[in-house]
1. Working only within segment 155-173, note down all residues that are assigned to a helix (DSSP H, G or I), of a type outside the set (V, I, T) and buried (at least 17 other Cβ atoms within 10 Å of the Cβ).
2. For segment 84-99, what are the residues that are crowded, with 17+ Cβ neighbours inside 10 Å and either of a type in the set (A, V, I, L, M) or within 23 Å of Y217 (Cβ to Cβ) (or both)?
3. Taking segment 106-136 as the search range and keeping residues that are more than 22 Å from the chain's Cα centre (by Cα) and of a type in the set (V, I, T), which one is farthest from E18 (Cα to Cα)?
4. Taking segment 221-247, which residues are surrounded by 14 or more Cβ atoms within 10 Å (Cβ to Cβ) and either assigned by TED's automatic domain parsing to the domain that holds I102 or within 21 Å of I169 (Cβ to Cβ) (or both)?
5. Only one residue in K261, K220, K255 is of a type in the set (K, R), more than 18 Å from S90 (Cβ to Cβ) and at pLDDT 95 or above, so which one is that?
6. Give just the number: which of (1) touching an Asp or Glu at 6+ places or on another chain (Cβ under 9 Å); (2) not small (G, A, S); (3) not assigned by TED's automatic domain parsing to the domain that holds A236 does Y92 not satisfy?
7. Taking segment 95-111 as the region of interest, how many residues are in contact (Cβ under 8 Å) with a residue 60 or more places away in the chain and not aliphatic (A, V, I, L, M)?
8. Which residues, counting only those in segment 8-49, are at pLDDT below 90 and touching a Leu at 6+ places or on another chain (Cβ under 6 Å)?
Amino acid sequence: MHRHYIKHTVIGYYRKLEKHCKKITGKFDPDSIHEFRVEHKKLRAFLKMLSQEHAKSNKLKISKKLKNTYHVLGSIRDLQQQRQRILEASKYEPQKPRAYRIILQKEIFCYKRKVAEIDLEDVLTESKTKISRSLPHQLRARTFKDFVENKWAAVYAIILSGNFSDDNIHAIRKQLKDLFYSWKEYKEKENGKLSKYVLKGKDEEYFEQLLEELGSYHDKCTAINLLRSDWSDVLANETLLRIKDIWIREKLGMKNLLVNKLTSDIVT
């Protein structure tokens, strides 16, 4: 993969981020926020792969301002989704958790104010300029293989440790996302070469399904975590207590299925 294609790809990611930014400003539509964050993840994964061509002291990193924007937008979307989840979960409950929904709305408003203070266009321009100056002249096949090996090694290490904490399951998801976002970009240029090396005997649909399941598990963890202990007076609501109990049981079932899949299918 030569520099021309590398630069074209990176600039393409930034253009998509700029496009989604325009949709986000003011309305904060959840779908637009999600699209922005997906493009950010794809760019971040691609830069991690490219960094294999650099010395350790010269890693390609997204700017702190853009990274912070990504996290703030993520918090807004998490709260928006939680508000919708609670609405659906309490649909047939006689006692509605209105106070909790008001808290969620206040939290969303606070994060929106943070985004309003950021000039997203300038943040993206600054980040793009800095990254463009530091791109490698090529990405060798050997470098891509090293990247793939490192990602799989991190996944295997967690699975073989037997420590399936929520953080570790999320770490597996992040490693696999980095791997597959980068591989899809690489295979488009290299005509699908090294696919078997990346997929480890599985097909692409298998990993898409696995990533979807890992994402659903992470969403369930987030939903439970947003029933925060520092909101104890509000969370004394019987409806919320019932919802939390249901979610915890659902999470346990999801975790058992994921652990079985990871230990039986991935590590062979």
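The values are calculated or read from the model by the stated rules, or taken from the named source; none is laboratory data. Fair warning: this is a prediction, and the values are worked out from it, not measured in the lab. Methodologically, a virtual Cβ is constructed for each residue, glycine included, from the backbone with ideal geometry; neighbour enumeration extends over all protein chains shown.
1. Within segment 155-173, the subset assigned to a helix (DSSP H, G or I) is 155-161, 166-173.
Applying the additional criterion that residues be of a type outside the set (V, I, T) yields 156-157, 160-161, 166-168, 170-171, 173.
Hit for segment 155-173 is R173, nothing else.
2. Within segment 84-99, R85, I86, A89, S90 meet the criteria.
3. Looking at the filtered set, the residue picked out is T129.
4. Of all residues in segment 221-247, those surrounded by 14 or more Cβ atoms within 10 Å (Cβ to Cβ) come to 221-224, 226-227, 231, 234-235, 237, 239-240, 242-244, 247.
If the condition is that a residue be surrounded by 14 or more Cβ atoms within 10 Å (Cβ to Cβ) and either assigned by TED's automatic domain parsing to the domain that holds I102 or within 21 Å of I169 (Cβ to Cβ) (or both), then C221, T222, A223, I224, L226, L227, K244, W247 are the ones that fit.
5. Working: K261 fails: at pLDDT 95 or above; K220 fails: more than 18 Å from S90 (Cβ to Cβ).
Checking each option against the conditions leaves just K255.
6. Evaluating Y92 over (1) touching an Asp or Glu at 6+ places or on another chain (Cβ under 9 Å); (2) not small (G, A, S); (3) not assigned by TED's automatic domain parsing to the domain that holds A236 leaves (1) as the failure.
7. Summing the residues that are in contact (Cβ under 8 Å) with a residue 60 or more places away in the chain and not aliphatic (A, V, I, L, M) in segment 95-111 gives 4.
8. Result: C21, single match.
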